[in-house]
Every structure is written in structure tokens, then in C-alpha cells.
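Notes to accompany the following structure.
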Amino acid sequence: MLLLIALPVLYVASFGPACWITSRLDDPHTVFDTVYKPLCDSGYAIGGLAVGESYEVTCEIASIAASRLPFERPRYLMGVGKPEQIADYVSLGVDMMDCVLPTRSARHGCLFTSEGPLLIRGARYANDSLPIDEKCECEVCRRYSRAYLRHLYSTGEFLSIILNTYHNLHFYLDMMRRIREAIRFGKLERLRSDLQARLSKANPSGRRVW
């Protein structure tokens with residue numbers, strides 16, 4: 001059974017035949033409290049967020065949704081998010097996420113690192129022998145320098161997109177691994193604070209950097 005709750009900026013779907021329910025966003029609690037829990041048995045997708053509203057509103061609504069969904073079922077928040085936000089969503093009760101950001105950023109030469117985004121097209125990297133991120137263990141960081149990756153990007157080599165994408169996806173997957181480990185040892189809040197401090201400081205405006 002697939003249940004979609006369509007709100008102005010929110011809907012919830014289970015993983016499979018569909019029914020739609022509409023409500024006003026200014027009082028989403030009523031919808032969550034009165035419908036759908038017995039109808040969905042495999043998991044829930046929370047969507048319609050991160051499409052223009054503020055990050056604070058996205059977190060508020062995602063928190064309301066996750067808190068009213070069965071704990072034993074996976075909660076999937078669609079279309080998020082920035083590296084410094086991932087642990088925040090997990091702390092709200094979200095289990096899974098998807099986002100175009102790592103691949104789209106890679107195509108524009110924006111590479112994610114443990115110290116914030118790196119724009120590989122910058123002239124400063126023309127003779128830089130360091131890897132993208134010295135703390136990263138992906139194959140790209142093990143084998144290629146920033147100078148080589150900048151050369152590929154500047155000359156329009158398709159290999160640039162491939163290697164940049166590989167690195168960014170590894171960065172996100174490794175972040176999720178670290179989050180799972182932090183949950184296991186009761187240190188999620190410490191990890192969340194650390195990510196916010198380092199990554200938000202690197203891009204204080206929160207704007208797209210390419």
C-alpha cells in the first residue's frame with residue numbers, strides 16, 4: 001500500500017498502490033495523527049520539502065513527520081541535503097536520504113572535503129600535488145593530485161566528471177558510515193556538532209559555491 005499525503009510543501013508516501021490526502025501545512029499535526037499508520041507496512045517517504053522553504057522549516061516539518069511515523073519502519077526524506085545537514089536530519093529520525101548535490105556539484109568542479117567545499121577550477125590548484133582531501137581514502141584521493149584534476153576540468157575532459165563524481169559519492173557514503181558508527185556508540189550529537197562547526201564555517205552563507 002502506498003499512501004501519499006499531499007500538503008503545500010509536504011507529502012508522505014509508503015513504499016508501494018496510492019491514495020492522496022490533502023491538508024494545510026500550517027497544521028500538519030492533524031493529518032499525521034489521524035491517518036495512514038495502519039495502511040503502510042514497508043516504509044515511508046517524506047517529500048515535497050527542500051524546494052525553496054528555509055532549512056529551519058524543512059527541519060521542523062521533517063521532525064513532525066518522522067516523530068509520528070512508526071519507529072520500526074524506515075523513514076526516507078527525499079531530495080536532501082548538504083553535507084553539514086545530513087546528521088541533523090538523522091537526529092530528527094530520518095533513516096535514508098537522496099540528493100543530486102554530490103553529482104551535480106561534481107559536474108561543476110565542486111568537490112566536498114572534510115574542511116568544506118573545494119572548487120577545483122581555482123588557479124591556486126594548478127601546481128598543487130595534494131589530493132582533494134588528505135583525510136579521504138577514496139581511490140581518486142589515493143591516485144590523483146588536485147593539479148591533475150584541475151587540468152582535467154579546465155580542458156573539458158569527461159574523465160573530470162567521472163573522477164569528481166566518484167569522490168563526492170564516496171564522501172557522502174563515508175559520512176553515512178560515520179553517522180551509523182556514531183549512533184552505535186551514542187555519539188551522534190558530538191558528530192553533528194563537529195560537522196556543523198567545520199563545514200558551515202567553510203561556507204558560512206550556505207549558498208551554492210560554484
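In this label model, R180 and H151 are separated by 3.7 nm, measuring between points 7 Å along each Cα→Cβ vector.
Can you pull out the chymotrypsin sites (Phe, Trp or Tyr not before Pro) in region 123-174 whose DSSP state is coil and whose Cβ has at most 12 other Cβ atoms within 10 Å? Numbers along the way, then the final one.
Details: sites: Y125, Y144, Y148, Y153, F158, Y166, F171, Y172; in loops: Y144.
Qualifying residues, ordered by number: none.
No lab work stands behind these numbers, since they all come straight from the coordinates. It should be emphasised that the depicted structure is a prediction, and the values quoted were computed from it without experimental measurement. All Cβ positions, even for glycine, are placed from backbone atoms using ideal geometry, and neighbour counts span all protein chains on display.
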